[in-house]
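Taking it in order: structure first as structure tokens, then the write-up.
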Amino acid sequence: MSRFIVNGGKKLRGEVEVQGSKNSALPILAATILTEGENILHNCSGLSDVATALRILRYLGCSAKKTGCTVLVNTDSICRNDIPDNLMREMRSSIVFLGAIISRTGKAKLGFPGGCELGPRPIDLHLKALRQMGVKISERHGVLECTAEKGLRGAHIALSFPSVGATENIILAAVKAKGTTTITNAAREPEISDLCDYLISCGANIYGAGEGVITIDGVDKLFSTQHTIIPDRIVAATLMAAAASTGSEIYLKGLIHSHLNSIIPAFEETGCQVELERGNMLFKAPDRLKPMALIRTMPYPGFPTDAQAPLMAAATLCKGTSVFVENIFENRYKHVDELVRLGANINVQGKVAVVTGVESLYGAVIEAQDLRGAAGLLVAALAAEGTTELSGINYLERGYEDFEVVLSSLGASIRKI
Ligand code: EPZ
């Protein structure tokens with residue numbers, strides 16, 4: 001098992017290009033199943049979750065090659081419609097393959113998805129919507145068997161919660177369904193818009209992506225295309241948190257500013273200065289941060305749950321008390337006990353975490369238990385005095401490409417052993 005050894009307390013300085021978004025790349029890789037010919041996807045990061053998605057495509061009989069940040073996928077030779085349990089368990093987003101496989105082959109057989117343990121992560125909204133679209137679903141011994149004998153048909157689907165994954169699965173099932181599908185209370189995350197932009201450039205008819213109501217008119221065929229994955233807003237937020245916790249100045253390149261609309265004000269509240277210029281950001285942190293009154297995680301355009309842990313790590317060093325309310329996942333405070341080992345003062349009651357800022361954090365041996373928790377712990381380790389040994393970095397590698405290399409290039413003292 002790899003670990004990071006971090007000698008904290010070093011200021012960061014320099015510029016960095018923000019990687020492509022994991023949570024865009026995964027549904028777009030699943031969407032290639034709906035197309036004919038060779039797709040070229042640019043800005044596709046080298047992440048273990050992307051590697052898992054490519055393995056799923058190859059298992060299904062498709063050709064999927066990655067060279068640098070470019071992925072070539074041709075799904076013309078697809079010959080299976082099942083996903084083995086080991087691949088399903090590796091990541092939660094393997095479930096977005098369901099809508100695409102059933103649309104392409106009329107059948108799908110897969111187990112329940114795995115991924116980070118953030119509390120109960122049901123897929124009831126996905127399954128209810130697919131049933132409305134004509135899919136028969138039976139579950140035996142943890143395996144879902146789905147069939148759409150007469151093909152998929154458009155439906156009016158009202159989501160009780162704007163689930164990102166359910167919205168993606170419905171879109172994937174609907175683009176080649178018979179008739180029109182409307183999704184009410186759809187997720188509005190930028191990654192949904194990126195998926196729709198990809199599908200539209202393949203020939204899909206989708207209206208309202210990024211809004212609460214999405215309308216999809218089914219088409220008979222989708223063609224392949226070239227598409228560039230959007231930058232990862234959560235990686236940007238993590239780098240901002242790293243600079244904030246270390247009192248540093250960094251320059252982030254290749255951003256979409258509007259995707260950070262709820263994240264930037266949280267940092268500004270702490271006294272950080274953010275200057276935006278055409279896709280780039282100059283980020284300057286003060287020597288001591290002011291507290292954040294209240295950070296409530298919400299579906300987009302609210303503050304993202306995925307940035308909660310990195311921001312909390314920075315909040316541990318604020319002069320005063322910050323309050324976090326985690327509204328999306330029940331169990332997304334696993335980093336808290338480890339932050340406390342570094343000297344942080346945090347009290348959790350249910351979905352509320354009260355963070356009383358301390359003057360300094362101190363290096364310790366800590367362990368990450370999920371992806372964004374790992375990112376938060378790394379942010380804290382960069383600021384802590386002395387040496388921190390962080391294990392569980394396999395979680396980090398699901399969503400951050402060569403992060404130790406990125407941080408080293410900014411002057412951090414970090415090595416992977
Ligand atoms: C996506 O997960 C992201 N993953 C998550 O990022 C992100 O935290 C989450 O959206 C929220 O923004 C990918 O895009 C691959 P949801 P997803 O369905 O689709 C409940 C990361 O760190 N729910 O919007 O699984 C669910 O339990 C990852 O990069 C149901 O009740 O999130 C949760 O409480 C982690 N029934 C809430 O909705 C359902 O059928 C939000 O889940 C589906 C979801």
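The values are calculated or read from the model by the stated rules, or taken from the named source; none is laboratory data. Since the structure is predicted, the reported quantities are computational estimates derived from the model, not experimental observations. Neighbour counts are summed over all protein chains in view; Cβ atoms, including those assigned to glycine, are modelled from backbone coordinates with ideal geometry. Side chains are part of the model used for accessible areas, which takes the heavy atoms of the whole protein and leaves out ligands, DNA and RNA. Shrake-Rupley method; radii C 1.70, N 1.55, O 1.52, S 1.80 Å.
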_Checking the structure you have, find out if any residue of the range 56-64 is part of a helix (DSSP H, G or I) and surrounded by fewer than 18 Cβ atoms within 10 Å (Cβ to Cβ)._
yes
*Given (1) of a type in the set (A, V, I, L, M); (2) more than 12 Å from the ligand (Cβ to nearest atom); (3) crowded, with 20+ Cβ neighbours inside 10 Å, index of the condition ALA129 fails*: (2)
_ARG121 surrounded by 17 or more Cβ atoms within 10 Å (Cβ to Cβ), more than 16 Å from the ligand (Cβ to nearest atom) and either at pLDDT 95 or above or under 27 Å from THR215 (Cα atoms) (or both)_ = no
*Scan the range 372-410 residue by residue and report those that are closer than 21 Å to ARG233 by Cβ and part of a loop (DSSP other than H, G, I, E, B).*
GLU397, ARG398, GLY399, TYR400, GLU401, ASP402, LEU410
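Go through the range 347-357 and give me each residue that's outside any loop (DSSP other than H, G, I, E, B) and surrounded by fewer than 24 Cβ atoms within 10 Å (Cβ to Cβ).
ASN347, VAL348, GLN349, VAL352, ALA353, VAL354, THR356
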_Of all residues in the range 299-322 being more than 12 Å from the ligand (Cβ to nearest atom) and hydroxyl-bearing (Ser, Thr, Tyr), the one that is most open to solvent (accessible area, probe 1.4 Å)_ = THR321
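Name the one entry in ALA209, ALA187, ALA166 that is within 14 Å of the ligand (Cβ to nearest atom), part of a loop (DSSP other than H, G, I, E, B), buried (at least 16 other Cβ atoms within 10 Å of the Cβ) and not hydroxyl-bearing (Ser, Thr, Tyr). Explain how you work it out, then say what you get.
Numbers: ALA209 fails: within 14 Å of the ligand (Cβ to nearest atom); ALA166 fails: part of a loop (DSSP other than H, G, I, E, B).
Criteria check complete, one pass: ALA187.
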*Could you check how many residues of the range 253-295 are over 23 Å from LYS22 (Cα atoms) and among the basic types (Lys, Arg)?*
3
*Among the residues of the range 322-342, which ones are assigned to a helix (DSSP H, G or I) and among the acidic types (Asp, Glu)?*
ASP337, GLU338
_Among the residues in the range 323-345, are any free of Cβ contacts under 8 Å to residues at least 12 places away in the same chain and open to solvent by 50 Å² or more (accessible area, probe 1.4 Å)?_
yes
*Is it the case that ARG153 is open to solvent by 40 Å² or more (accessible area, probe 1.4 Å), at pLDDT 95 or above and within 20 Å of SER21 (Cβ to Cβ)?*
no
*State which residue is most open to solvent (accessible area, probe 1.4 Å) when the search covers only the range 254-298 and only residues that are β-branched (Val, Ile, Thr) and assigned to a strand (DSSP E or B).*
VAL274
*Picking from SER391, SER408, SER360, which residue would you name as being in contact with a Lys or Arg (Cβ under 7 Å, 6 or more places away or on another chain) and open to solvent by 10 Å² or more (accessible area, probe 1.4 Å)?*
SER391
*Does GLU145 fit the bill of being open to solvent by 40 Å² or more (accessible area, probe 1.4 Å) and modelled with pLDDT of 90 or more?*
yes
*State which residue pairs qualify: first residue more than 16 Å from LEU127 (Cβ to Cβ) and outside the structural domain of THR181 (by TED's automatic domain parsing) and inside the range 145-166, second residue at pLDDT below 95 and exposed (fewer than 14 other Cβ atoms within 10 Å of the Cβ) in any location, beta carbons under 9 Å apart, and separation of 6 or more residues or different chains.*
none
*In the range 197-233, how many are small (Gly, Ala, Ser) and closer than 19 Å to ALA155 by Cα?*
5
